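Asker: Starting off with a structure, shown below.
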Amino acid sequence: SELEEQEVKQIEPSSDPASQVQQAVENCLLPLSSPNCSTTTSPGFHRWTVMDYYNAYTTRQITPTMVAERLIAAIEESSSAPWDMGFFINHCPKDILKQASESTLRYERGEAISVLDGVPIAVKDEIDCAPYPTTGGTKWLHKARASEGDAECVARLRQCGAILVGKTNMHELGAGTSGINPHYGATRNPFDVGKIAGGSSSGSAAVVAAGLCPAALGVDGGGSVRMPAALCGVVGFKPTFGRVPHSGVLPLNWTVGMVGVLAGTVEDSLIVYAAISGDSQKTSDPEMKPKLYLPLLESTSSVTNIKLARYKEWFNDCTEEIRECCSHALDLLSQKYGWKTVEVVIPEIETMRLAHYVTIGSECTTALGPHLHNSKNVGEMGWDVRVGLSVYGAFSSKEYIQAQRLRNRQLEIHRKVFAMADVIVSPTTGVTAYPILNDCLKTGELDYVNGAALVRYQIAGNFLGLPAITVPVGYDKKGLPIGLQFIGQPWSEPTLLHVAFAMQGLCNQGYKKPEAFYDLLHK
């Protein structure tokens, strides 16, 4: 059904993603003179945005080739001692420079494809992106499954002129929340290199936080975009299930996994979302998809009567610092915009988490089934993944069916919540980033205590296919980022982006520079 959302613009359907990006920029973004732009002088720390790159290129302050050279040097430095950040599984300097050279020539001719032309974007190694293999964080999967060109979401970014800079690190097979990979190294948190970045889209979150890219792609099957985004202090956006084409993505969890965007700002999330949203004409009927609407961010202040649903017992099931920070952020929204918080009860949340666990585990082992009979493949896995897959493989078909019955039940429960409110609000994680222990670097880590706290608020977005976004709203006493999450009803991305943009505007004056950070536009 069509939603009645405020301050939105329908994007004309187009097979050309550059056209969709252009419509987003012309109709939906703030003017460049806005105080929310990163080019202004304000006490808060700001990462360079997509529009900053585009403006620097068009005014000849710098070229995509110069940015690419700095990026390659930064990747090499961050991959070496003493940092050993573990950002990437694979990158190719020659290919990066080739893309950058082509983009530089387009700018010299005044023929930039879009505002994404020449902008570096990284891709999680769960998504096909030429010329790289897709390992899924393993040492063997790319040998069993050859990737053929770009995933559709990557192809759409390439059509916009973006520089695809490589495949980012991830928790092996997406089967964990820490981002510690025994084969390619632990991805370290740019705010504290001794702490985890979160998973499983660990590298994508960390490269954005560290300033290597204004945006990156991840895949979110159980909070795998939003968790690391929150821990690394960036925006993590998971659209409605089915909104973004999924072809060319490893089919590890086909009813709960979804391509998502990690970015330094809500605006950049919107730009990348506009580029990758669409429908493959080969795979489905476009008439079956709701129309694509984008929020008019310059009119967010005109959005009225938003109701935020909070289940207090669930909301408060986190550390005291997170609870206080997120509650304060909600108060700021209420004071600034007059939006109301509605107290609700969402029953059986723990039951839903277990049903999701059965679902994602069963789908993962089914997808990998033919390869798990090969003892060599199993022997090359981290210990944590071996244990996880053993548990997954123990689930029965009856348990999977029961989980789907619970899914239908929770869909009805959430429909009733959305009849009372526009958005559900919660902390993004129950804890901030915790230490990386040396004894797990070679084996992987299976920490179900911290893992449960990290995944606590993620499940509805995946199990029910709901859109969700996390925005950084503060820090704990150790200076580690805290995220606040907004969950919407299906296809309500514009409202979510409005709310997230409003939240960002109230918090960005307090944003801090990470310990590990690279400035690619100004040295």
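The values are calculated or read from the model by the stated rules, or taken from the named source; none is laboratory data. No experiment lies behind these values; they were computed from the predicted model shown. Cβ atoms come from the backbone with ideal geometry, glycine included; neighbour counts cover every protein chain shown. When the accessible area is computed, the model is the full protein with side chains, heavy atoms only, and any ligands, DNA or RNA have been set aside. Shrake-Rupley method; radii C 1.70, N 1.55, O 1.52, S 1.80 Å.
Asker: Tell me whether the stretch 187-257 comes out rounded, prolate or oblate; compute the Cα gyration tensor, take square roots of the eigenvalues as a ≥ b ≥ c, and use a/c under 1.5 as the rounded threshold.
Answerer: Prolate is the answer for the stretch 187-257, as a/c is 1.5 or above and a/b outweighs b/c.
Asker: How much of ASP16 can a 1.4 Å solvent probe reach, expressed as accessible area in Å² and rounded to 10?
Answerer: Approximately 70 Å² of ASP16 is accessible to the 1.4 Å probe.
Asker: Additional query: How much of HIS414 can a 1.4 Å solvent probe reach, expressed as accessible area in Å² and rounded to 10?
Answerer: 10
Asker: Using the beta-carbon distance between SER327 and LEU3 and R0 = 25 Å, what value does 1/(1 + (r/R0)^6) give for FRET efficiency, to the nearest 0.05?
Answerer: After rounding, the FRET efficiency stands at 0.35.
Asker: Quick check on the chain: of the DSSP beta bridges with both residues there, what percent are antiparallel, nearest 5%? Walk me through the numbers before you get to the answer.
Answerer: Details: 35 of 48 bridges.
Antiparallel: roughly 75 percent of the beta bridges in the chain.
Asker: In addition: Which distance in Å, rounded to a whole number, links the C-alpha centroids of the stretch 461-485 and the stretch 152-215?
Answerer: Centre-to-centre (Cα) distance: 17 Å.
Asker: Let me ask you something else. For a Förster distance of 60 Å, can you work out the FRET efficiency between the beta-carbons of VAL342 and THR443, rounded to the nearest 0.05? Walk me through the intermediate numbers first.
Answerer: Working: r = 45 Å, r/R0 = 0.76.
With R0 = 60 Å, the Cβ-Cβ based efficiency is 0.85.
Asker: Further question: Want the number for TRP83 to ASN305: 0.36 nm per residue separation, take away the alpha-carbon distance, what's left? Don't skip to the answer; put the middle values down first.
Answerer: Numbers: separation 222, 0.36 × 222 = 79.92 nm, distance 4.71 nm.
Length difference between fully extended and current span is 75.2 nm.
Asker: For the stretch 487-509 and the stretch 333-396, write down the distance between their C-alpha centroids in whole Å.
Answerer: Spelled out, the Cα-based centre of one part sits 26 Å from the other.
Asker: How would you rank 301-308, 164-171, 247-254, 134-141, highest first, on the average number of other Cβ atoms within 10 Å across their residues?
Answerer: 164-171, 134-141, 247-254, 301-308
Asker: What is the spread of the Cα atoms of the stretch 206-341 along each of their three principal axes, largest first, in whole Å?
Answerer: 48, 32, 32
Asker: What do you get for Rg/Rh over the stretch 371-523 if you use C-alpha atoms and the Kirkwood form of Rh?
Answerer: Details: Rg = 19.9 Å, Rh = 19.0 Å.
For the stretch 371-523, the value is 1.04.
Asker: Suppose R0 equals 41 Å; then what is the FRET efficiency for ALA130 and PHE517 from their Cβ-Cβ distance, rounded to the nearest 0.05? Let's see the in-between values first.
Answerer: Values: r = 29 Å, r/R0 = 0.72.
For ALA130 and PHE517, the calculated efficiency is 0.90.
Asker: Quick check on the stretch 102-210: take the gyration tensor over C-alpha atoms, sort the square-rooted eigenvalues as a ≥ b ≥ c, and tell me if it's rounded (a/c under 1.5), prolate or oblate. Walk me through the numbers on the way to the answer.
Answerer: Working: a/c = 3.14, a/b = 1.53, b/c = 2.05.
Oblate is the answer for the stretch 102-210, as a/c is 1.5 or above yet b/c matches or exceeds a/b.
Asker: Using the alpha carbons of the stretch 43-123, what is the convex hull volume per residue in cubic angstrom, as a whole number?
Answerer: On the way: hull volume 9.4 nm³, N = 81.
With only Cα atoms used, the stretch 43-123 gives 116 Å³ per residue.
Asker: Which helices count as membrane-span-like in the chain under these terms: full DSSP H, at least 18 Å along the axis by C-alpha, Kyte-Doolittle mean of 0.0 or more? Walk me through the intermediate numbers first.
Answerer: On the way: long enough: 64-78 (20 Å, 0.41); 93-108 (22 Å, -1.10); 320-337 (26 Å, -0.52); 349-372 (33 Å, 0.31); 397-418 (31 Å, -1.21); 493-507 (21 Å, 0.90).
Helix filter hits for the chain: 64-78, 349-372, 493-507.
Asker: Here's another thing I want to ask about it. Determine the per residue accessible area of the chain with all protein chains present and a 1.4 angstrom probe, expressed in square angstrom.
Answerer: Working: 19710 Å² over 523 residues.
Per-residue accessible area for the chain comes out at 38 Å².
Asker: Could I ask something else about it? Just want to confirm a number: the relative contact order over the stretch 153-280, from Cα pairs under 8 angstrom separated by 6+ residues, in percent. Please report the intermediate quantities before stating the final value.
Answerer: On the way: 261 pairs, mean separation 29.9, N = 128.
Relative contact order comes out at 23 percent.
Asker: For every other residue with a beta carbon closer than 9 angstrom to the beta carbon of THR134, add +1 if it is Lys or Arg and -1 if Asp or Glu, then tell me the sum. Walk me through the intermediate numbers first.
Answerer: Details: positive: ARG145, LYS167; negative: ASP125, GLU126, ASP128.
After counting each charged neighbour, the total is -1.
Asker: Going from most exposed to least, what order do LEU454, LEU296 have by accessible area with a 1.4 Å probe? Can you show the working numbers first?
Answerer: On the way: LEU454 0, LEU296 35 Å².
Solvent-accessible surface, decreasing: LEU296, LEU454.
Asker: How much length is gained if the chain between LYS416 and LEU372 is pulled fully straight, taking 0.36 nm per residue apart and subtracting their Cα-Cα distance, in nm to one decimal? If you can, show how the numbers build up before the last one.
Answerer: Numbers: separation 44, 0.36 × 44 = 15.84 nm, distance 4.16 nm.
Stretched fully, the LYS416-LEU372 segment lengthens by 11.7 nm.
Asker: Using Cα pairs under 8 angstrom and six or more residues apart, how large is the relative contact order of the stretch 268-390, in percent?
Answerer: Across the stretch 268-390, relative contact order equals 22 percent.
Asker: Under the classification rounded if a/c is under 1.5, otherwise prolate if a/b is larger than b/c and oblate if not, where does the stretch 454-523 fall, given a ≥ b ≥ c as square roots of the Cα gyration tensor eigenvalues?
Answerer: Details: a/c = 2.14, a/b = 1.72, b/c = 1.25.
Prolate is the answer for the stretch 454-523, as a/c is 1.5 or above and a/b outweighs b/c.
Asker: Quick check on the chain: what does the Kirkwood estimate of hydrodynamic radius come out to from the alpha carbon pairs, in Å?
Answerer: Roughly 22.6 Å, rounded to one decimal.
Asker: Residue separation times 0.36 nm, minus the C-alpha to C-alpha distance between LYS398 and TRP254: what's the value? Don't jump to the answer; show the numbers that get you there.
Answerer: Working: separation 144, 0.36 × 144 = 51.84 nm, distance 1.87 nm.
Once the chain is fully extended between LYS398 and TRP254, it gains 50.0 nm.
Asker: Just want to confirm a number: the relative contact order over the stretch 382-467, from Cα pairs under 8 angstrom separated by 6+ residues, in percent. Write down the numbers at each step before the final one.
Answerer: Values: 37 pairs, mean separation 37.8, N = 86.
With pairs under 8 Å counted, the relative contact order is 44 percent.
Asker: If you take all C-alpha pairs in the stretch 435-474, what percent of them are over 12 Å apart?
Answerer: On the way: 554 of 780 pairs.
For the stretch 435-474, the share of Cα pairs beyond 12 Å comes to 71 percent.
Asker: Take the cross-link list LYS478/LYS513; LYS98/LYS139; LYS98/LYS512; LYS94/LYS513; LYS167/LYS238; LYS98/LYS124 and give me the ones stretching past 25 Å between alpha-carbons.
Answerer: Values: LYS478/LYS513 14 Å; LYS98/LYS139 28 Å; LYS98/LYS512 34 Å; LYS94/LYS513 30 Å; LYS167/LYS238 19 Å; LYS98/LYS124 21 Å.
Beyond 25 Å between Cα atoms: LYS98/LYS139; LYS98/LYS512; LYS94/LYS513.
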